[in-house]
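Notes follow once the structure below has been shown.
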Amino acid sequence: MKEQITLGSLFDGSGGFPLGGLLAGIKPVWNSEIEPFPVRVTEKRLPEVQHYGDVSTLNGAELPPVDIITFGSPCQDLSVAGKRNGLDGSRSGLFFHAVRIIKEMRCATNGRYPRFCVWENVPGAFSSNGGEDFRSVLEEICKVSDSAVSVPRPAKWSKAGEIMADSYSVAWRTLDACGWGVPQRRKRIYLVADFDGQCAGKILFESEGLSGYSPQGFRAWQGTAGGAENSTGATGKLKSAGFYTEHSAQSHSIGYEEEKAPTVRASKVPAAVMLENHPTDSRMKICEDGLCQTLTSRMRTGGNNVPCLLAYGICGKYSNSMMSDNPHSGFYQAETSRTLDTSDQSPTKNQGGMAVIQPGYATGKSNFHARVAENFAETLVATDYKDPPTVFFAHDPIVRRLTPTECARLQGFPDWWCSDLGIENPTEEEIDCWVEVFETHRRITAPDTKPKSRNAVIKWLKNPHSDSAEYKMWGNGVALPCVYFVLSGIAYYAQSDGFFRIS
């Protein structure tokens, strides 16, 4: 009986590597993550995957052996947007723990597991510390198979390359998400190591066009990509970034149906224009290529650096003048059992409250720009003076930020990936587990703060979702189509290379 290829994911985040593995026919076995919200998301969506915490405490010899270990180690100290502390930085230095875990597992299994590793990171790694950091990355990964190897540093690292040895191979390539099916400019280095063979370069450079993951196989994702003049694969050009925000039957499933994917899609009408949002002072300009700029974890900080759309609609905050019988306000303060008589709809009965005369959308505490149900706006509450709800109609242009759901689509994930996360009545065992998750997170990220109380953990479990947490997760996450491409290549060449073992 043939065994299934297995995968372990370090710094797991949104669960992109396990999900990409599932799509490629690879079985995810375990992951490691310390952020509570992503842990809850992947626990809900991938219940068969074993969760582990801090990578610095893990021992590869004690983890369940897997064929592939993936890790997008924290990139803040490598990014051109950061302080460029490189691999010596407190966050990017976690890379060495991932390599240590790989070595420990291979030592414990006589070099059998893992055969492959995949490292994903920002292109800033090429230039960090004058290129020394990427040289160290290559050398440390090569040393998994050859402890005596020395990798020289060129004057400038190329965006793609390969190291071939007698018994192993390492290759890297910069992939831009907009070339693989989503309208987001997101360049990332994907590095593949084959510790026992010559497949690394084949996986990254020769896999396109092969059965199972050809450009046609990416049709659903690629149909939504645009603005990538030199992109890889059969992508489409977004002449206008008219993004759909409403859900559809197709957007609620992984894969595609009628060439509709779970991503932000382009409209044939000029419904919206993508805007660039400057990360420092929120200056905005129209994006010439119609693509969203790279999603970042900074999106969680008070809405700063959240990509914006110039959409068509008339927008306004609730005010005293709006809450009246003024027919020009677009609102009607209805009395109990009073009939609303409008020119474009049949008379309706209203049992009191605020009725929206024109069909439109409204913001609320629990959603973003949801379609107004039965033409009624969100219920007004006592705290609305702090942050008044907004209503807009589909006629005149407005500027609005992307919703968390749209950010999920820009990463190639289904709309429902962060839905229904609450646990109404958690067991004592579940509470104990989550107390430990929060304590691990506190110890690493904010050791001077107080531990989260048991009651606070229970309250969080009942409703763990917040927009800020979801924005942060997508900003730190991976683009699913790129992951799927890389892991599909591993699955294909591992099979053709006789990798499957007979049990």
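Assorted remarks:
- Members of segment 126-143 that are within 23 Å of ILE101 (Cβ to Cβ) and not in a helix (DSSP H, G or I): LYS143
- Contacts under 6 angstrom Cβ, first residue in segment 134-161 being within 14 Å of TYR190 (Cβ to Cβ), partner aliphatic (A, V, I, L, M) and in a helix (DSSP H, G or I), 6 or more apart: PHE134/ALA125
Okay, residues lined up against (1) closer than 27 Å to ARG298 by Cβ; (2) in contact with a Pro (Cβ under 9 Å, 6 or more places away or on another chain); (3) surrounded by 19 or more Cβ atoms within 10 Å (Cβ to Cβ):
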site: ARG400; (1), (2), (3): yes, no, yes
site: LEU410; (1), (2), (3): yes, yes, yes
site: CYS418; (1), (2), (3): yes, yes, yes
site: TRP434; (1), (2), (3): yes, yes, yes
site: LEU487; (1), (2), (3): no, no, yes
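- Total residues in segment 1-32 satisfying the condition of being over 20 Å from TYR190 (Cα atoms) and either surrounded by 24 or more Cβ atoms within 10 Å (Cβ to Cβ) or aliphatic (A, V, I, L, M) (or both): the figure is 2.
- VAL478 vs. criteria assigned to a helix (DSSP H, G or I) and in contact (Cβ under 8 Å) with a residue 12 or more places away in the chain: no
- Unique residue being more than 30 Å from ALA272 (Cβ to Cβ), hydroxyl-bearing (Ser, Thr, Tyr) and touching a Phe, Trp or Tyr at 6+ places or on another chain (Cβ under 8 Å) when the list is SER136, SER207, SER147, SER158: SER207
- Here segment 98-125 is the region considered, the condition is being assigned to a helix (DSSP H, G or I) and of a type in the set (A, V, I, L, M), and the residue that is modelled with the lowest pLDDT is ALA125.
- Any pair with Cβ under 8 angstrom, 6 or more apart, that starts in segment 432-443 at a residue that is part of a helix (DSSP H, G or I) and ends at one that is of a type in the set (A, V, I, L, M) and surrounded by 15 or more Cβ atoms within 10 Å (Cβ to Cβ): TRP434/VAL457; TRP434/LEU461; VAL435/VAL457; VAL437/ILE34; VAL437/VAL39; PHE438/VAL457; THR440/ILE34; HIS441/ILE34
- Scanning segment 441-474 for residues that are β-branched (Val, Ile, Thr) and crowded, with 18+ Cβ neighbours inside 10 Å yields a single hit, VAL457.
- Only listed residue being closer than 30 Å to LEU410 by Cβ and either assigned to a loop (DSSP other than H, G, I, E, B) or touching a His at 6+ places or on another chain (Cβ under 9 Å) (or both), chosen from VAL149, VAL182: VAL182
- Test result for PHE116, hydrophobic (A, V, I, L, M, F, W, C), more than 27 Å from SER488 (Cβ to Cβ) and in contact with a helix residue (DSSP H, G or I) (Cβ under 9 Å, 6 or more places away or on another chain): no
The values are calculated or read from the model by the stated rules, or taken from the named source; none is laboratory data. The structure presented is a predicted model; accordingly, all values stated were derived computationally and were not measured. Cβ atoms come from the backbone with ideal geometry, glycine included; neighbour counts cover every protein chain shown.
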